[in-house]
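J.: Could you have a look at this structure, given as structure tokens, before my questions?
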Amino acid sequence: MGMRPYSPGKPIDEVKRELGLSDVIKLASNENPIGPSPKAVEAIKQAASGINIYPDAAAHDLREAIAKKHGVSPDQVVVGNGSDELIHYLGLVLLEGDETELVMGDPSFVRYIASAQLSDARLTKVPLDNTWTHDIPAMIGACTDKTRLIYLANPNNPTGTVVGKTGVEQLIDDTPEDALLVLDEAYYEFGTEHPDFPDSVELLKQGKPICILRTLSKAYGLAGIRVGYGIAPVEVIDAINRIREPFNVNVLAQAAAIAALDDQEHLDHTVRLNREGITRVEEKCRAMGLKTVQSYANFICIDCNRPGEEVFNELVKRGVIVRSGHVLGMPTHIRVTIGTENEMTQFLNAFETVMAVTA
Ligand SMILES: *Cc1c(COP(=O)(O)O)cnc(C)c1O
């Protein structure tokens, strides 16, 4: 009862109903605005006639595809019903009671908090620095002999900020012996636009004891079918496999993920469109005298210099759903997922109107 249910972005249909609007866009959940890879959709159609059969519990072909893509062994790969499921499992594996502790940035991804709570573990939240970036020395300083899990969302959600190679290596080197450092790279495909983005898989290959989480939900556009994966030393994968629900990734999801991972063109298009959207928001905000947080993800936070909740509500009235920073630990910000070119035009127009009215 002490836990808060996850609060998803406001559904489009709810806003249409409540406000009698017909044209509503949602830029709130960091989904891919151009849709899934057509190859993934085709693979789902092909696989659909086989759904009377349980999925491959070992997800052999998908793990093989992931392993091949990254040049690791399939034994170092585990797949999940979204990477959310893997976050849940890591907590079950490594945390138990208040002699164990999870360390994370603040604000960062909310599911880490739930993971600690589910295991009755200690939770240590380390404030981000004044650029909304993870404060690596402070995170190292916060670790104790109870620390079992350290989460670094890189790029971070909700801020979009990146910790470069030096910072990540420093955190790896200073991770206590009994702790596992998890690099949650849900936005990896956008993050690599950062000039100093760490090659985490290479670090793992060098023998660093880290767990890397990636997802097909963001750049690959498969949020609705739920596939994420972890790459880690075999001992970590083995531990997760012992508690993993055997059929956690369904037949359609396995087929879709294999096809999507192979669609470089769709990925390139996604990343390009995203960069254009980020640049447009940055330029517009600069012109309006507003600060944005430097983002290497598929969303951007804008400091509205007034309660983000107010701006969020005014935008909803104009058919644009974003995230209020209020619930994300950034009270004067809104977080805007980058949409298509048309969606961004609609957002920017509505935003300009709202900021003029509520000024
Ligand atoms: C979206 C997100 C995830 C989880 O995505 P799944 O859809 O469960 O794969 C994990 N971490 C961060 C930081 C995210 O933003």
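Every number here is computed from the coordinates shown, using simple stated rules; none is lab data. What you see is a predicted model; the values in this text were computed from it and never measured.
J.: Please go through the residue pairs K218/K317; K10/K218; K125/K291; K10/K317; K291/K317; K125/K208 and name each one whose alpha carbons sit more than 21 Å apart in this structure. Write out the running numbers ahead of the final one.
T.: On the way: K218/K317 27 Å; K10/K218 18 Å; K125/K291 25 Å; K10/K317 12 Å; K291/K317 24 Å; K125/K208 24 Å.
The answer is K218/K317; K125/K291; K291/K317; K125/K208.
J.: So, one more: Which one of F299, F197, F247 has the biggest mean-square fluctuation once the chain is modelled by GNM with Cα springs under 10 Å?
T.: F247
J.: Shifting gears a bit: Find the centroid of the Cα atoms in region 315-353 and in region 237-295, then give the distance between the two in whole Å.
T.: 19 Å
J.: Let me ask another. Grab the DSSP H runs of the chain that are 4 residues or longer, score each as -39,500 (n - 2.57), total them, divide by all residues and round the 222 nm result to the nearest 500 deg cm²/dmol. Before the final figure, lay out each step's value.
T.: Numbers: 14 runs with 150 residues, N = 359.
Only helices count here, giving -12500 deg cm²/dmol.
J.: Considering region 45-122, what Rg and Dmax in Å follow from its alpha-carbon atoms?
T.: For region 45-122, the Cα radius of gyration and maximum Cα-Cα distance read 16.6, 49 Å.
J.: Over region 1-64, one equal point on each Cα, no solvent: what is log10 I(q)/I(0) by the Debye formula at q = 0.16 Å⁻¹?
T.: -0.91
J.: Quick test of the membrane-span-like rule: which DSSP H helices of the chain reach at least 20 Å along their long axis (C-alpha atoms) with mean Kyte hydropathy at least -0.5?
T.: Values: long enough: 264-288 (36 Å, -1.12); 341-357 (24 Å, 0.16).
The qualifying helices are 341-357.
J.: How long are the semi-axes of the ellipsoid equivalent to region 52-197, from square roots of 5 times the Cα gyration tensor eigenvalues, in whole Å, largest first? Working shown, then result.
T.: Numbers: eigenvalues 135, 83, 39 Å².
For region 52-197, the ellipsoid semi-axes come out as 26, 20, 14 Å.
J.: Follow-up question, since we're still on this one. At a Cα cut-off below 19 Å, give the aspartates and glutamates reachable from K39, other chains included and same-chain residues fewer than 8 away excluded.
T.: Candidates past the 8-residue exclusion: E31, D61, E64, E189, D262, D263, E265, D268.
J.: At what distance in angstrom do the alpha carbon centres of region 155-224 and region 6-36 lie from each other?
T.: 29 Å
J.: With θ set to phi - 60° and the Karplus curve 6.51 cos²θ - 1.76 cosθ + 1.60, what are the ³J(HN,Hα) couplings of region 186-195 in order, to the nearest whole Hz, using x for Gly and Pro?
T.: 4, 10, 3, 5, 8, x, 5, 6, 6, x
J.: Now for a different question. In 10 Å bins starting at 0, how do the alpha-carbon pair distances of region 233-283 split up by percent?
T.: With a bin width of 10 Å, the distribution comes to 19, 24, 28, 23, 7.
J.: Rounded to a whole number of µm²/s, how large is the Stokes-Einstein D of the chain at 4 °C and 1.567 mPa s, given Rh as the Kirkwood radius over C-alpha pairs?
T.: Numbers: Rh = 21.1 Å.
In µm²/s, the coefficient is 62.
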